[in-house]
Amino acid sequence: MKIIKTESITLRMNQKILNRIKKEAKHNRTSVNTLASQVFQDYVDYNALAAKAGMVSFPKSLLVRLMDNLSDKEFEKTAEWIMENEMKDVILLLTNDYDTDSILDMIESWVRISGFTYRHDYDSHGRHKFLIQHDMGTRWSLFFEKLFRYTFEDVQQQDVEFEITRDMISFNLDAGSGVEK
């Protein structure tokens with residue numbers, strides 16, 4: 001088990017914001033300290049650089065509707081373009097690296113920030129299992145599968161097994177089988 005060093009700080013903030021944070025922490029049955037640490041972690045892992053990486057926020061229903069209205073050919077072209085022109089740059093900007101671990105870190109930060117229900121289980125041997133419930137339909141499951149498969153192949157990650165349903169994607173991989181670039 002990796003020991004993470006911590007340090008105490010004191011913050012001053014608007015009383016209304018603090019009350020909302022306390023309410024949210026109570027709702028999630030966690031401490032204000034834990035919630036604040038999660039918020040700071042999300043900021044450092046994703047929010048601070050997401051806009052610079054070209055990430056924007058839209059209602060899920062808009063994205064579903066746009067994807068569902070693409071022809072099969074347009075869907076394929078869109079997925080290929082994103083894979084070939086965006087993924088590596090986004091991952092490098094968000095994680096400062098481009099290997100299997102940085103891809104997994106980016107995916108986890110993205111699903112957490114997106115509010116998707118997910119599980120990420122892994123063991124000391126580098127085996128990972130991700131399950132992401134996106135509730136956006138079959139087209140998005142297919143899109144995520146293509147996107148993740150291409151990205152893992154790009155770093156020579158071998159033996160990634162995908163499974164999709166209408167509103168969920170899962171994948172298993174052994175991070176020890178990838179080759180760093």
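What follows draws every value from the coordinates through simple rules; no lab data is involved. Worth saying up front: this structure is predicted, and the values here are computed from it rather than measured. All Cβ positions, even for glycine, are placed from backbone atoms using ideal geometry, and neighbour counts span all protein chains on display.
Could you work out how far the C-alpha centroid of the stretch 147-173 sits from that of the stretch 31-52, in angstrom?
Answer, in whole Å: 26.
Within a 10 angstrom radius of the beta carbon, how do I9, I107, I82 rank from fewest other beta carbons to most? Kindly include the intermediate steps, with their values, before the conclusion.
Working: I9 6, I107 21, I82 15.
Ranking I9, I107, I82 by Cβ neighbours within 10 Å, fewest first, gives I9, I82, I107.
For each of T151, T10, count neighbouring Cβ atoms within 10 Å of the residue's Cβ, then give the residues from fewest to most.
On the way: T151 21, T10 4.
Least crowded to most crowded, the residues run T10, T151.
Taking 0.36 nm per intervening residue step and subtracting the Cα-Cα distance, what contour gain separates E24 from D97 on full extension?
Numbers: separation 73, 0.36 × 73 = 26.28 nm, distance 3.33 nm.
So the chain would gain 22.9 nm between E24 and D97.
With r as the distance between the Cβ atoms of V64 and V39 and R0 = 35 Å, compute the FRET efficiency 1/(1 + (r/R0)^6) and round to 0.05. Could the numbers behind the result be given before it?
Details: r = 28 Å, r/R0 = 0.79.
My answer for the efficiency is 0.80.
Using the count of nearby Cβ atoms within 10 Å as a rough guide to exposure, how do H27, H128, H134, H120 rank from fewest to most? The partial results should precede the final answer.
On the way: H27 9, H128 19, H134 22, H120 14.
Ascending Cβ contact count within 10 Å gives the list H27, H120, H128, H134.
What percent do you get for the relative contact order of the chain when only Cα pairs under 8 Å and 6+ apart count? Don't jump to the answer; show the numbers that get you there.
Details: 193 pairs, mean separation 33.2, N = 181.
Averaging sequence separation for qualifying contacts and normalising by length gives 18 percent for the chain.
Excluding residues fewer than 8 places away in the same chain, name every one of the lysines whose C-alpha is closer than 18 Å to that of K146.
By straight Cα distance, K146 reaches K73, K77, K88, K129.
If I model a spin label at T6 and D167 as a point 7 Å from the Cα along the Cα→Cβ vector, what separation in nanometres do I get?
3.5 nm
Among F75, Y122, L92, whose Cα lies farthest out toward the positive end of the dipole of the stretch 60-177, if unit charges sit on the beta carbon of Lys, Arg (+1) and Asp, Glu (-1)?
My answer, from the dipole projection, is F75.
Checking the a/c ratio against 1.5 first, then a/b against b/c, what shape does the Cα gyration tensor give for the stretch 1-96?
Details: a/c = 2.98, a/b = 1.87, b/c = 1.59.
Prolate is the answer for the stretch 1-96, as a/c is 1.5 or above and a/b outweighs b/c.
Any idea what the dipole of the chain comes to, in debye rounded to 20, about its Cα centre with Lys/Arg Cβ at +1 and Asp/Glu Cβ at -1? Kindly include the intermediate steps, with their values, before the conclusion.
Values: 24 positive and 29 negative charges, 287 e Å.
Result for the chain is approximately 1380 debye, rounded to the nearest 20.
Any idea what % of Cα-Cα pairs in the chain are farther than 28 Å?
Working: 5162 of 16290 pairs.
Looking at the chain, the distances longer than 28 Å represent 32 percent of pairs.
Can you check what the net charge comes to around S61, using other residues whose Cβ is under 11 Å from the Cβ of S61 (Lys, Arg +1; Asp, Glu -1)?
On the way: positive: K60, R65; negative: D68, D135.
That sum, taken over residues with Cβ under 11 Å, equals 0.
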